[in-house]
Amino acid sequence: MKPLLHAEMINSPFEDPALFVEILWEHRALLFDMGEIGSFRPAKLLKISHAFVSHTHIDHFVGFDTLVRLMLNREKALKVFGPPGFLANVHGKLAGYTWNLTEDYALRMIGHEVTAERIVSATFRAATGFAAEDRRERPFDGALL
């Protein structure tokens, strides 16, 4: 029987954590933590539709910049999930760059900050210099995806 999911550690057990899970029948993938991912095949990284970050220590979040740079021209939204304070971290990373030349780029990132009680979401679009837009809040029912 052919597997439906293919999981692959991007780095060795003693390096930054990053687990890539390809959903074969959907031609997309999930990323669990964003350690250093620069040496992973870009074609595979472009399949990522959702990324889940356990916490934003540098060894779990340093790959964020690699994903943003790689996906600037991608039409599909990248959905990222993280713990309390995550939206501020995403906004801070994106605000650390000058985005005066991004109005023609397609990337749209939807960030989700998850607590036991609620999920707060915001959209960050390259076309608007990644300003936080469409902030929404909903109760957390236990399912992210």
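Of note:
- Some residue of the stretch 19-32 being crowded, with 17+ Cβ neighbours inside 10 Å, in a loop (DSSP other than H, G, I, E, B) and either at pLDDT 95 or above or within 14 Å of the chain's Cα centre (by Cα) (or both): no
- Counting only helices (runs of 4 or more DSSP H) that sit wholly inside the stretch 45-106, those with at least 2 residues that are hydrophobic (A, V, I, L, M, F, W, C) and farther than 24 Å from residue 22 by Cβ are 86-95.
- Residues in the stretch 45-59 that are surrounded by 15 or more Cβ atoms within 10 Å (Cβ to Cβ), closer than 15 Å to residue 30 by Cβ and either of a type outside the set (Val, Ile, Thr) or at pLDDT below 95 (or both): 45, 46, 47, 49, 50, 51, 52.
- Near pairs, Cβ below 8 angstrom, 6+ apart or cross-chain, from the stretch 73-98 (within 15 Å of residue 57 (Cα to Cα)) to any residue that is surrounded by fewer than 18 Cβ atoms within 10 Å (Cβ to Cβ) and among the acidic types (Asp, Glu): 93/65
- Consider the stretch 130-143 and keep the residues that are open to solvent by 30 Å² or more (accessible area, probe 1.4 Å) and not in a strand (DSSP E or B). The one that is farthest from residue 53 (Cα to Cα) is 131.
- A search for C-beta distances below 7 Å between a residue of the stretch 22-51 that is at positive phi and any residue that is part of a strand (DSSP E or B) and surrounded by fewer than 18 Cβ atoms within 10 Å (Cβ to Cβ), counting only pairs 6+ apart in sequence or on different chains, returns 33/19.
- Complete set of residues in the stretch 90-104 that are within 17 Å of residue 76 (Cα to Cα) and either in contact with a strand residue (DSSP E or B) (Cβ under 8 Å, 6 or more places away or on another chain) or surrounded by 17 or more Cβ atoms within 10 Å (Cβ to Cβ) (or both): 102
- For the stretch 107-123, a residue qualifies if it is of a type in the set (A, V, I, L, M, F, W, C), open to solvent by less than 20 Å² (accessible area, probe 1.4 Å) and assigned to a strand (DSSP E or B), and the qualifying residues are 109, 119, 120, 122.
The values are calculated or read from the model by the stated rules, or taken from the named source; none is laboratory data. What you see is a predicted model; the values in this text were computed from it and never measured. Quick reminder, even Gly has a Cβ in these numbers, built from the backbone with ideal geometry, and neighbours come from all protein chains shown. All accessible areas refer to the heavy atoms of the entire protein, side chains included, with ligands and DNA or RNA removed. Shrake-Rupley method; radii C 1.70, N 1.55, O 1.52, S 1.80 Å.
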